[in-house]
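A short write-up of the structure that comes next.
The values are calculated or read from the model by the stated rules, or taken from the named source; none is laboratory data. Because the structure is a prediction, the values reported are computed rather than measured. Please note: Cβ atoms are built from the backbone with ideal geometry, for glycine as well, and neighbour counts cover all protein chains shown. Side chains included, ligands, DNA and RNA excluded: accessible areas come from the protein's heavy atoms. Shrake-Rupley method; radii C 1.70, N 1.55, O 1.52, S 1.80 Å.
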Amino acid sequence: MISMEEEIVKKLEKLPEREILGYAIASEEDAIQFYLKLSEGKGELIAEFFKDLAKAEQAHKTLLLNLHENLFGSKEYTVSGDVLFAESTVNIVTLGNLVEALKTALMTEKTAERVYTLLAQKLPEHRILFDFLAAQERAHYRAIEAHEEYLEGLMRGKPEYVEAPPHVISNQVEIYYKPRT
């Protein structure tokens, strides 16, 4: 069985550089919206984690739009309708939902890293930029993975946590962050 990440990369390999770059830009926009959605209704610490990810993805999008303009004379990009995006609209009502969303985010970050590796091969004169973006996506992957492992560990042996609203857990952490006076 082929993974969604593998399927996306295989389809992108067949496209011209302009469309791969367009996909990367659109994918960054999708990631921004996904992380901002994940930041909603969480404790301040976890919300800031997701907002920081969204901010980094916004910086990536800006870099890519500038490159697109440099290469093709415009920031207007096109995306092949044939290639899927990894993000999904998630309704986070339980800690279990949040863990599933983090698993989606992991796949997204891994896919983004692979897309930038592909672009580094297709546009070698811009390898420094794409290698940098791939490294950033790897760092995002590791940070998200650490949070996902933490939450999985928290739920292990505590089935009631799986169905608990995410703010219940973050509120327990926030007690130390902002002690009640």
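Using the Cα centre of the chain as the reference point, and only Cβ charges (+1 on K/R, -1 on D/E), how large is the resulting charge dipole? Debye, rounded to the nearest 20.
240 debye
Once the other residues with Cβ under 12 Å from the Cβ of residue 168 are scored (Lys, Arg +1; Asp, Glu -1), what is the net sum?
Working: positive: 42, 158; negative: 160, 163, 174.
Charge balance near residue 168 sits at -1.
Take every Cα-Cα pair in the range 89-154 and report what % of them are more than 19 Å apart. Could you put the intermediate results ahead of the total?
Numbers: 891 of 2145 pairs.
Result for the distance tail: 42 percent.
Would you mind finding the longest exposed-site-free stretch of the chain, with exposed GluC sites (Glu not before Pro) meaning DSSP loop and at most 11 other Cβ atoms within 10 Å?
The longest such stretch corresponds to 77-181.
What do you reckon, how do 46, 169 stack up by accessible area (1.4 Å probe), largest on top?
Numbers: 46 35, 169 10 Å².
Solvent-accessible surface, decreasing: 46, 169.
With only Lys, Arg, Asp and Glu charged, each at its Cβ (+1 for the first two, -1 for the last two), find how big the charge dipole of the range 31-84 is about the Cα centre; round to the nearest 20 debye.
Dipole size: approximately 60 debye.
Please turn the phi angles of the range 32-44 into ³J(HN,Hα) values with the Karplus equation 6.51 cos²θ - 1.76 cosθ + 1.60 (θ = phi - 60°), one per residue in order, whole Hz, x for glycine and proline.
Karplus-based 3J(HN,Hα) across the range 32-44 equals 4, 4, 4, 5, 5, 4, 5, 6, 5, x, 9, x, 4 Hz.
Counting only trypsin sites (Lys or Arg not before Pro) that are in a DSSP loop and have at most 14 other C-beta atoms within 10 Å, tell me the longest site-free stretch of the chain.
76-155
Measure nothing fancy, just the Cα-based angle from helix 95-122's long axis to the longest principal axis of the chain, in degrees from 0 to 90, nearest 10.
20 degrees
Rounded to the nearest 500, what is the chain's calculated 222 nm mean residue ellipticity when only DSSP H runs of at least 4 contribute -39500 (n - 2.57) each, over all residues?
That calculation yields -25500 deg cm²/dmol at 222 nm.
Give the angle, between 0 and 90 degrees and rounded to the nearest 10, that separates the Cα long axis of helix 127-155 from the longest principal axis of the Cα atoms of the chain.
The two axes meet at around 20 degrees.
Measure up 51/158; 75/122; 10/122 against 22 Å on the Cα-Cα distance and list the ones that go over.
Over 22 Å Cα-Cα: 51/158.
Evaluate 2.2 N^0.38 Å with N set to the residue count of the range 1-159, then give the Cα radius of gyration divided by it.
1.07
What is the sum of charges around residue 47, taking Lys and Arg as +1, Asp and Glu as -1, for the other residues whose C-beta is under 12 Å from the C-beta of residue 47?
Taking every Cβ under 12 Å from that of residue 47, the sum is -2.
Treat the range 1-76 as a sphere of radius equal to its Kirkwood radius over Cα pairs and apply Stokes-Einstein at 10 °C in a medium of 1.306 mPa s; give the translational diffusion coefficient in µm²/s, rounded to a whole number.
The diffusion coefficient I find is 115 µm²/s.
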